[in-house]
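One structure is given below, encoded as structure tokens.
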Amino acid sequence: MKGTVLILSVLLSIVTDSAFALIVGTLLTGRWLEATESAAELSAGSAIPIQSAFTLRARRSLLLGCALVLAFAQAVRPWFLAASMSGSSSLHGNLALIPTILSSTHQGTLWYLNAAAIAAFLMATVFVRIGSTPAVWISLTCIVVLAFGKAATGHAADQGDFTLVEILQTIHILATAIWSGTILVSGLLIVPRFAQQRGPAAVWNYTRRLSKSATYALIAVLVSGIYTSDRELNNTLNGLWSSTWGKILIAKVAFVLLALCLGAISRFRYLGAEATPGRSAQLVRLLASEAVVMIVILSLSGLLGSNAPPMSEM
Ligand code: HEM
């Protein structure tokens, strides 16, 4: 693929990686929010409940919007598959290839799997109460299937399915969605409103849950990321600076380190100290900055997945 088709294909990866992370982030933060808000109301002892910082209605709209983005991307993906297989950007030429690709290739089988997971998630978001047990199990299944589908359509599937590298890449997609998704939703939507509505104590209570989950996700992100990088670099660092893929990975890891620093400052400098309005304002700014860095990391990840790693040149 080259030119406009390649740019559109990279944009498609970035948009779907981000929509997936936002879905995971919205589902997880919703649970923390409910727990934190009910605790805040109990301690405030106020008879008049304060409106949630991220209402059920707003959460459903964001989930629906992201699921529709995934559905649109899924609908156009076969054309881009055809373009990458044919090397041509002919609209009609690639359209003619789609039936064969969907009926007789590995990518075609995965397309149906992903399409089924997106359809099930969409139905659950529309018809099942968010946070109910059925909704949790349906969402969880769809999210794991989509993460596997993503790993199995990428470079991690070069040696077949259900290999260690494919399982680790599935874990990478899940853990990175937890970390980046919860930071995006918390830093851009929840915490700024929370700080206004509920005061520093509630912000501290919520952000501690966020920081704990980010720490666990980080361990899985690093283990899976380093393993996959080592493999796709052919177990030598040379490919880091001698290939486009390697240079993108360097840029990505640099931004991951920046996100790590911002997270560490939030955790050790602010959450480790007393919750005050001044510190709360700083924490809101730190989380918003970390969210912006996550957008850059997700963009570089989509670019990375769309470039050939040194391993594929062997
Ligand atoms: C917040 C941190 C991170 C996020 C959000 C993130 C996100 C992602 C995503 C979404 C993909 C799939 C890209 C695609 O195929 O479209 C990916 C792939 C990958 N990531 Fe990460 N990642 C993170 C950290 C890391 C780290 C720290 C490393 C290395 C130490 C790493 C190495 C890789 C590699 C090697 C791939 C596979 C690229 C390929 O298929 O060629 N990631 N990452």
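The values are calculated or read from the model by the stated rules, or taken from the named source; none is laboratory data. None of these values were measured; they are calculated from a predicted model. Glycine gets a Cβ as well: all are built from the backbone with ideal geometry, and neighbour counts include every protein chain shown. All accessible areas refer to the heavy atoms of the entire protein, side chains included, with ligands and DNA or RNA removed. Shrake-Rupley method; radii C 1.70, N 1.55, O 1.52, S 1.80 Å.
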What's the number of the only condition in (1) within 30 Å of G154 (Cα to Cα); (2) open to solvent by 70 Å² or more (accessible area, probe 1.4 Å); (3) more than 14 Å from the ligand (Cβ to nearest atom) that L258 fails to meet? (3)
Residue hits (region 261-277; buried (at least 16 other Cβ atoms within 10 Å of the Cβ) and either small (G, A, S) or in contact with a strand residue (DSSP E or B) (Cβ under 8 Å, 6 or more places away or on another chain) (or both)) are G263, S266, A275
Somewhere in region 26-43, is a residue under 16 Å from the mean Cα position of the chain (by Cα), open to solvent by 40 Å² or more (accessible area, probe 1.4 Å) and away from the ligand (no atom under 16 Å from the Cβ)? yes
Restricting attention to region 85-107, which residues are open to solvent by 50 Å² or more (accessible area, probe 1.4 Å) and β-branched (V, I, T)? T100
Unmet requirement for G154, which otherwise passes all of (1) buried (at least 24 other Cβ atoms within 10 Å of the Cβ); (2) within 11 Å of the ligand (Cβ to nearest atom): (1)
What single numbered condition from (1) touching a residue at least 24 places away in the same chain (Cβ under 8 Å); (2) within 11 Å of the ligand (Cβ to nearest atom) fails to hold for V145? (2)
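Here is a yes/no grid of residues against (1) at pLDDT 95 or above; (2) crowded, with 20+ Cβ neighbours inside 10 Å; (3) farther than 29 Å from Y112 by Cα:
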position: P134; (1), (2), (3): no, no, no
position: K150; (1), (2), (3): yes, yes, no
position: Q159; (1), (2), (3): no, no, no
position: A195; (1), (2), (3): no, yes, yes
position: V221; (1), (2), (3): yes, yes, no
position: N234; (1), (2), (3): no, no, yes
position: L240; (1), (2), (3): no, no, yes
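The rows are residues; the columns are (1) within 24 Å of I143 (Cβ to Cβ); (2) touching a residue at least 12 places away in the same chain (Cβ under 8 Å).
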site	(1), (2)
N205	no, yes
S211	yes, yes
I226	yes, no
L240	no, no
L249	no, yes
Would you pick out the residues in region 210-254 that are under 20 Å from the mean Cα position of the chain (by Cα) and of a type outside the set (A, V, I, L, M, F, W, C)? S211, K212, S213, T215, Y216, S224, G225, Y227, T228, S229, K252
Would you say S52 is over 19 Å from the mean Cα position of the chain (by Cα) and more than 14 Å from the ligand (Cβ to nearest atom)? yes
Lone qualifier among L168, L110, L122 - being within 28 Å of I297 (Cβ to Cβ), surrounded by 14 or more Cβ atoms within 10 Å (Cβ to Cβ) and touching a residue at least 60 places away in the same chain (Cβ under 8 Å): L168
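Could you list, in sequence order, the residues of region 44-62 that are part of a helix (DSSP H, G or I) and open to solvent by less than 20 Å² (accessible area, probe 1.4 Å)? Before you say what the answer is, go through the steps one by one.
Within region 44-62, the first condition is being part of a helix (DSSP H, G or I), and the residues that meet it are 44, 56-62.
Of everything in region 44-62, just one residue is part of a helix (DSSP H, G or I) and open to solvent by less than 20 Å² (accessible area, probe 1.4 Å), namely R59.
Has region 283-293 got any residue that is basic (K, R) and surrounded by 18 or more Cβ atoms within 10 Å (Cβ to Cβ)?
So in region 283-293, the residues basic (K, R) come out as 285.
Checking which are surrounded by 18 or more Cβ atoms within 10 Å (Cβ to Cβ) leaves us with none.
No, the conditions are met nowhere in region 283-293.
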